[in-house]
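Every number in this text was worked out from the coordinates using simple rules, so none of it is lab data. Treat the numbers as computed from the prediction; the structure is a model and nothing was measured. Glycine also receives a Cβ, built like all others from the backbone with ideal geometry; neighbour counts cover every protein chain displayed.
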Amino acid sequence: MAKIVAIANQKGGVGKTTTCVNLCAALTLRGKKILLADCDPQGNATSGMGIDKNSSPGMYELLISGADIFSCICSTPYGDVIPAGRNLAAASLELDEVETRENTLRSALIKLYSDYDYILIDCPPSLEMLTVNALVAADSVLIPMQCEYYALEGIVDLITSIKLCKKRLNRRLEIEGIVLTMYDSRMNLTAQVANELKRFLPQKVYNTVIPRSVRLSEAPSHGKPGVIYDSSNRGSKGYLALAEEFLNKQV
Ligand code: ATP
Ligand code: MG
């Protein structure tokens, strides 16, 4: 049975997509069968996996036109992908008109339960209907976080939303873990935020941190996950270690 993990943080640019793409590839390297479901109209995870954002059918057709989910899957050497592109932006509004709107993604992904070890969902930077669909489909939420001054406030908001979702829509939902991204150990603020976070949420913060690495930010322009494009930089090593820690935490 696949475990479904939503990678979410309503704050933009914190490393959700980079985490999703690299965890997907790192887990695939470990022999796991992984599906990356792109729920962000920006389609960055899709192109980061080397797939055309305009591929059709994709997430839009799956959610709105009821396309057969197997026809929406693109295969790559680093994991399978349900692609997303600009047209997905309309899905949020269109879903508002559907009665079972929060459950649309979950109902679709159920058909894939026996085909994958993990399904990773890349969420947009908001708490709109696409993110709600991801949180209802998911068993857990993995939260990438940048060690900035306002990051903790954002995490408090996010955890409030997760708790609300758990209470009203999805009792299974747990926090998978929080990963500190673009980590710069030379900055005092980084250590302060990290320590405060660990006090606030003991057990949930990964020991592995992801350092800043130019190579990770270059990788998407080559259509490859960072860990594949260049496995030797500190950022890629971070994601390979995160995959290991992620797997060790599974029961
Ligand atoms: P959005 O909220 O827009 O979806 P996001 O949370 O998915 O953004 P990313 O797209 O993963 O964030 O990262 C934002 C930017 O930071 C990108 O340009 C990415 O290449 C870069 N980046 C992410 N992680 C790292 C890192 N460890 N080192 C250097 N650059 C990074
Ligand atoms: Mg993103």
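Length gained on full extension, Arg234 to Ala191, computed as 0.36 nm times the residue gap minus the Cα-Cα distance: 13.7 nm.
Treating each Cα of segment 1-109 as one equal point scatterer and applying the Debye formula with no solvent, the log10 of I(q)/I(0) at q = 0.10, 0.11, 0.16, 0.17 Å⁻¹ comes out as -0.27, -0.32, -0.70, -0.80. Using the Stokes-Einstein relation with a Kirkwood hydrodynamic radius computed over Cα pairs, the translational diffusion coefficient of segment 51-95 at 37 °C and a viscosity of 0.692 mPa s comes to 309 µm²/s.
With only Cα atoms counted, segment 130-215 has Rg and Dmax values of 13.9, 42 Å. Calculated over segment 24-176, the projected area of the Cα convex hull averaged across directions stands at 9.1 nm².
Which of the three applies to segment 87-145, rounded, prolate or oblate, going by the alpha-carbon gyration tensor with a ≥ b ≥ c and a/c under 1.5 meaning rounded? Verdict is oblate for segment 87-145.
Structure remark: mean-square fluctuation, Gaussian network model of the chain, C-alpha springs under 10 Å; the largest value among Cys123, Cys72, Cys20 belongs to Cys72. The distance linking segment 157-178 with segment 1-49 is 19 Å (Cα centroid to Cα centroid, whole angstrom). Loop-located GluC sites (Glu not before Pro) in segment 1-100 (DSSP state other than H, G, I, E, B) with a sparse environment of at most 11 neighbouring Cβ atoms within 10 Å: Glu97, Glu99. Say R0 is 45 Å: what FRET efficiency, to the nearest 0.05, do Glu244 and Arg168 get from their beta-carbon distance? Efficiency for this residue pair is about 0.85. Dipole check for the chain: with +1 at the C-beta of Lys and Arg, -1 at the C-beta of Asp and Glu, and the Cα centre as origin, the magnitude is about 820 Debye. Note on the chain: antiparallel DSSP beta bridges, both residues inside, total approximately 10 percent of the bridges counted.
Give the peptides 135-146, 157-168 in descending order of average Cβ contacts within 10 Å, highest first.
The peptides rank, most packed first, as 135-146, 157-168.
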